[in-house]
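The values are calculated or read from the model by the stated rules, or taken from the named source; none is laboratory data. Only a predicted model underlies this, so the values are computations on that prediction, with no experimental measurement involved. Every residue, glycine as well, gets a Cβ built from its backbone with ideal geometry; the counts of neighbours run over all protein chains shown. Calculation scope for accessible area: heavy atoms of the full protein, side chains included, ligands and nucleic acids excluded. Shrake-Rupley method; radii C 1.70, N 1.55, O 1.52, S 1.80 Å.
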Amino acid sequence: MKMFRVISNFEPTGDQPQAIKKLTEGLKYGLRFQTLLGVTGSGKTYTMAKVIEASQRPALILSPNKILAAQLYQEFKSFFPHNHVHYFVSYYDYYQPEAYLPETDTYIAKDAKINEILDQLRHAAIESTFNFRDFIIVSSISCIYGIGDPEEYENVCLEITQNQKINYKELISYLKALQYQRARCFNDLKPSSYFYDKENRIISVFNPDGSFLTQIELSKQEVKSLKITKVHKSNTTILRGDIQEVEKTKIFPAKFFITSKEKLNLAILNIKAELKERYWHLLSEGKIVEAERLKQRTLVDIALLEKQGYCSGIENYSRHLSFRKPGEPPYTLLDYLPHDAIIFIDESHLTLPQLKAMSRGDRQRKEVLVQYGWRLPSAIDNRPLTFDEFFSKNFQIIFVSATPGPFERKHSQQIVEQLIRPTGIVDPEIEVRPTKNQVLDIIKEIKLRIDKNQRVIVLTLTKKSAENLTNFLLDNDIEAQYLHSNVKTLQRTEIVKKLRLGEIKVLVGVNLLREGLDLPEVSLVAILDADREGFLRNTTTLIQAMGRSARHLEGKVILYADKITKSLDEAIKETQRRRDYQLKFNEDNKITPQAIIKEIFATPEEILGVKREIRVNTREEIEIFLEVEENELK
């Protein structure tokens, strides 16, 4: 029986069959790099799914941003309802990294809000890599950041079996070591917590991914029964589902950076040794303030690690916790994948430049923190993978893009084109109009589409202009919403869903709306100030943005420009070439374009329930800080 099986109402058509065959054969013959060059609306995601089915291998789908990752996650869950499909993105709703500005002597503390749902989804993805072969993980670029040693993560898991010799105190002690928090009552349970029912001698452990409870019934000094209960957490209660009695189970750590007690003690000794060396080094340079600052901050973290095995910012000690040498790459999601996993890099023309940029910016910020005594030098090794380190991992990679960049074209051993849309829909008609009164003109065009129950995307150059235009449209009784990088992760998918449902008629954006979004209800893309040459108006960006209306029978693009730039000329010509190619195919094969009817999927938040935020500072952390302060003053 096949491990992966695509469930779909349609079969490969157009040039999808040849693309699926060539890519699958390329994997079989050991090609390291391949590219799927597919136009917007040609069914690239479906082709990727069929390649996974044909090869029967687990996969990582790498996306350039969270909103596209969410869309891919929904689509792959639809294609593979009987397999383990996961969503792995940064779990922050808001994130301000730690930084220091020496020019103004300003320290900016790390400020973050962790989204509990995204944290659950990350845990589910990691657990699947240990428990199953039939997994697909859809990830943003955050997968190149460190998450701890996979070997250590697996080794510290608690394996529980029927009739196992263990008492209450031993079990609770182990759960605390795995960073589980005790709940006051059963209904207070949340992912990564436990509750002990003294009357019935049952310990209920809520799995970090939020999907089930492990209920352990104790009798004297052994496990009497072991049950797995599927659950759904509402605001105030836990709703129980199917209950299954099992012979054995595994309880995974509640945190990614987790280390056994023996190794933690050794890591702490190494942290102390580095602190001592760095402290005297700073003093020798006359940096007394920096030395004392570093000592104070590090001693607080050490005290927390000794007492509870965890501290805020523990990732800054990851090199010591995983016993890596200076400069060695961190452990990331890639280290949890089996060697035969396929990596698809979606929208590769955008994703690859992100891979290059991530590590450079991170290092510059950390070096300043180290120089001025805010962090130990080893904190620099808490970093994302570099571009070269990413590609040093020996995976087979398939780049996916409508506009592949120079790297893909240079390194791919095979470029497979997919230029035909199975629906027969052609690339949009393009019209160039002057920028004078462009906003008033677009309002007129929007109203024409609203009368036909169609949707519109408008692209501006800045976040502020997107917000201002949205407010102007609302003042003119047009249901509009802006979408840019300041909008929280899960809110983005909700906004896109509202557009498709018709609750919003117009979506105004800057950059997030140019790549990959599958919105068949959108008939018009209007690009304001299209002749402002630059990153947001280069050839690739314009082709991608215009493609957002290539899923509608009446697709049209209006470019507001007073001159035809080189990028505009190239984008218009390439879009027209693809339009002519599809028209000829339709004529030769007597195809009448058909409207796309696409299911509107539940958002990740709807799938998992209500969001809750995790508190940053605990009472215990504050008490330890004060204790260290008092000892230093004695």
Checked segment 180-210 for anything surrounded by fewer than 20 Cβ atoms within 10 Å (Cβ to Cβ), outside any strand (DSSP E or B) and either touching a helix residue (DSSP H, G or I) at 6+ places or on another chain (Cβ under 8 Å) or of a type in the set (D, E) (or both); matches are D188, K190, E199, R201
Identify the single condition in (1) surrounded by fewer than 21 Cβ atoms within 10 Å (Cβ to Cβ); (2) among the hydrophobic types (A, V, I, L, M, F, W, C); (3) closer than 28 Å to T565 by Cα that V456 does not satisfy, given that it satisfies every other one. (1)
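Among the residues of segment 12-47, count how many are within 12 Å of R421 (Cβ to Cβ) and in a helix (DSSP H, G or I). Spell out how you get there, then give the answer.
Narrowing segment 12-47 to residues within 12 Å of R421 (Cβ to Cβ): 13-16, 38-44, 46.
Next, only the ones that are in a helix (DSSP H, G or I) stay: 16, 44, 46.
Total satisfying the criteria: 3.
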Return the only residue of L299, L266, L283 being assigned to a helix (DSSP H, G or I), open to solvent by 40 Å² or more (accessible area, probe 1.4 Å) and either under 19 Å from N155 (Cα atoms) or not hydrophobic (A, V, I, L, M, F, W, C) (or both). L266
Contacts under 9 angstrom Cβ, first residue in segment 380-406 being more than 21 Å from E347 (Cβ to Cβ), partner in a strand (DSSP E or B), 6 or more apart: N382/Y145; R383/Y145
Could you tell me which of the residues P422, P434, P428 is open to solvent by less than 10 Å² (accessible area, probe 1.4 Å) and either within 26 Å of the chain's Cα centre (by Cα) or under 30 Å from L559 (Cα atoms) (or both)? P428
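So which residues in segment 521-569 are hydrophobic (A, V, I, L, M, F, W, C) and surrounded by fewer than 21 Cβ atoms within 10 Å (Cβ to Cβ), if there are any at all?
Within segment 521-569, F535, L536, L553, A561, I564 meet the criteria.
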Please indicate, with yes or no, whether at least one residue in segment 339-353 is assigned to a loop (DSSP other than H, G, I, E, B), among the charged types (D, E, K, R) and either out of contact with any helix residue (DSSP H, G or I) (no Cβ under 7 Å at 6 or more places or on another chain) or touching a residue at least 24 places away in the same chain (Cβ under 8 Å) (or both). yes
Would you point out the residue of segment 459-482, among those that are in contact (Cβ under 8 Å) with a residue 60 or more places away in the chain and open to solvent by less than 10 Å² (accessible area, probe 1.4 Å), that is farthest from L519 (Cα to Cα)? T460
Would you pick out the residues in segment 89-118 that are outside any strand (DSSP E or B), open to solvent by 40 Å² or more (accessible area, probe 1.4 Å) and not hydrophobic (A, V, I, L, M, F, W, C)? Y91, P102, E103, T104, D105, K110
Filter segment 1-44 down to the residues that are within 16 Å of I342 (Cα to Cα), crowded, with 22+ Cβ neighbours inside 10 Å and among the polar types (S, T, N, Q) and list them by number. Q34, T35
Before we move on, is R133 among the basic types (K, R) and open to solvent by 40 Å² or more (accessible area, probe 1.4 Å)? yes
Quick check on segment 227-239. Is at least one of its residues in contact (Cβ under 8 Å) with a residue 40 or more places away in the chain and open to solvent by less than 10 Å² (accessible area, probe 1.4 Å)? no
Taking interchain pairs and intrachain pairs at least six residues apart, which have beta carbon atoms under 8 angstrom, with the first residue in segment 320-334 and under 11 Å from P384 (Cα atoms) and the second among the acidic types (D, E) and outside any helix (DSSP H, G or I)? Y331/D149
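Rundown of residues vs (1) at pLDDT 95 or above; (2) surrounded by fewer than 19 Cβ atoms within 10 Å (Cβ to Cβ); (3) assigned to a helix (DSSP H, G or I), yes/no style:
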{"site": "A379", "(1), (2), (3)": "no, no, yes"}
{"site": "N394", "(1), (2), (3)": "no, yes, no"}
{"site": "I397", "(1), (2), (3)": "yes, no, no"}
{"site": "V400", "(1), (2), (3)": "yes, no, no"}
{"site": "P404", "(1), (2), (3)": "no, no, no"}
{"site": "E408", "(1), (2), (3)": "yes, no, yes"}
Over segment 72-88, the set of residues open to solvent by 20 Å² or more (accessible area, probe 1.4 Å) and either in contact with a helix residue (DSSP H, G or I) (Cβ under 6 Å, 6 or more places away or on another chain) or assigned to a strand (DSSP E or B) (or both) is F79, H84, H86
Which of the residues belonging to segment 305-336 are out of contact with any Ser or Thr (no Cβ under 8 Å at 6 or more places or on another chain) and of a type in the set (A, V, I, L, M, F, W, C)? L305, C311, I314, F323, L334
